[in-house]
Amino acid sequence: MKVSVIVPTYNERDNLEELFERISKALADYDYEIIVVDDDSPDKTWEFAQKLAEKYPVKVIRRTKEKGLSSAVIRGFKEANGDVFVVMDADLQHPPEVIPRLLEAIENGADIAIASRYVKGGGVKNWYWYRKLISKGAIMIGRIALPKIRDVKDPVSGFFALRREVVENAQLNPIGFKILMEILIKGRYQRVEEVPFIFGLRHAGESKLGGKTIINYLKHIYRLMKWEGELDRLVKFTLVGLSGVLVNQGFLWFFVEKLGWDKILANIPAMELAILNNFTWNDLWTFRDLKSRPLYQRLLSFHLAALTGAIVQWIIYATLVFLGMNYLLANLVGIAVSFIVRFLVNRHVTWG
């Protein structure tokens, strides 16, 4: 098994010699190559990497027109000769000593092995609270927005290994910072395993985390949702919900005006008919490809989602009114949040 270690770089000159030496020791029992993809670093990282190629099995790609970590990794995939690709940063926050454990997971049947900060035994060193918050928040957003990765604890890790077949012919075209998430959505694989590691301290250079990175990450999530069809589901769920409003209002009017029922009690069967309408159309249309559970379980879960949404709506409404917000505006806010809650519960539970 030949291993290709892909290292995207930008101003990482001071880290290269130690990085290559540690990779060399970690992979002493493997046939391996190191592929450095450098975005024309001002500190001439590419030049120093070429010099080190006299001692280590290094291939250097200097890009003068393209920029970006994810596209650099994709370029590395195209240039790699290995059966297994390892992706890692050059800043030594990804300890090369973990690579054999990733390769062991691959050898034991995993298609993708992720060096994870968020499984038992993993962690980070000396992060400020806001950095932890950004990381956990990014993961939460990704796992909620993209159900395919909801069981992966660290889908934004930049340190992972995978079989060549996972990305062969995959339509990888990410923007931003997190190539692994793109692979998890578009790659061909069956099994993912997470290997704990401690995310270390940067030895030299500067962190590339910034506001632009966060914006690009959110754009990336949006694009992957669109590619996965999750945005289409959201639109369909919205249209079905609007039809439920018409059913609710129509039957409420019929029960009160035509049958003479009490206005308070009449709303109960009207709501139930709207719920059944919404469930039917969502089951036949919005989530028609996700019927892994029996019909009665889906119907019960849909009712529970509706109840959960109603409780959330009321709590938000009551809280905002108590704080002085206009009751109609407070109700709209409650409805909006309730809609999101019901969609997420139904997407992840009813048709999960």
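Quick rundown of the values:
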{"read-out": "The stretch 197-306 - Debye-derived log10 I(q)/I(0), Cα point model, q = 0.16, 0.24 Å⁻¹", "value": "-0.85, -1.24"}
{"read-out": "C-alpha long axis of helix 263-281 to longest principal axis of the chain, angle in °", "value": "40"}
{"read-out": "Residue list for the stretch 107-141, given a label point 7 angstrom along the Cα-to-Cβ vector of LEU344 and an amide N cut-off under 20 Å", "value": "132-141"}
{"read-out": "With Cα atoms, 0 to 90° folded angle of helix 69-79 axis to the chain main axis", "value": "60"}
{"read-out": "Exceeding the 30 Å Cα-Cα cut-off - candidates LYS2/LYS51; LYS44/LYS148; LYS59/LYS226", "value": "LYS44/LYS148; LYS59/LYS226"}
{"read-out": "Residue pairs, from the table LYS136/LYS236; LYS67/LYS219; LYS178/LYS219, whose Cα atoms sit over 21 Å apart", "value": "LYS136/LYS236"}
{"read-out": "Cα convex hull volume per residue for the stretch 48-100 (Å³)", "value": "114"}
{"read-out": "Simple label model, 7 Å out from Cα along Cβ direction - LEU239 to LEU259, nm", "value": "3.0"}
{"read-out": "The stretch 120-145 and the stretch 47-83: distance between their alpha carbon centers, rounded to Å", "value": "29"}
{"read-out": "For the chain: relative contact order, % (alpha-carbon pairs under 8 angstrom, 6 or more apart)", "value": "15"}
{"read-out": "Value of relative contact order over the stretch 218-352, rounded to a whole percent, pairs C-alpha under 8 Å and six or more apart", "value": "23"}
{"read-out": "Which of ILE35, ILE316 is most accessible, then next, and so on - probe 1.4 Å", "value": "ILE316, ILE35"}
{"read-out": "Heavy-atom accessible surface of the chain: percent carbon and sulfur, 1.4 Å", "value": "59"}
{"read-out": "Nonlocal amide H pairs with PHE159, under 5 Å, H built at 1.01 Å", "value": "ALA115"}
{"read-out": "The stretch 48-81: trypsin sites (Lys or Arg not before Pro) in DSSP coil with no more than 14 other Cβ atoms inside 10 Å", "value": "LYS55, LYS65, LYS67"}
{"read-out": "Surface per residue (accessible, 1.4 Å probe) for the chain, Å²", "value": "52"}
{"read-out": "C-alpha long axis of helix 230-253 to longest principal axis of the chain, angle in °", "value": "10"}
{"read-out": "Percentage relative contact order, the stretch 262-339, counting C-alpha pairs under 8 Å, at least six apart", "value": "23"}
{"read-out": "Compactness of the chain - radius of gyration and Dmax, Cα, Å", "value": "25.6, 91"}
{"read-out": "Those GluC sites (Glu not before Pro) in the stretch 46-118 that DSSP places in a loop and that have at most 10 other beta carbons within 10 Å", "value": "GLU54"}
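The values are calculated or read from the model by the stated rules, or taken from the named source; none is laboratory data. Keep in mind it's a predicted model, so treat the numbers as computed, not measured. Note: ideal-geometry Cβ built from the backbone for every residue, glycine included; neighbour counts use all protein chains shown. Note: accessible area is taken over every heavy atom of the protein model, side chains too, but ligands, DNA and RNA are not part of it. Shrake-Rupley method; radii C 1.70, N 1.55, O 1.52, S 1.80 Å.
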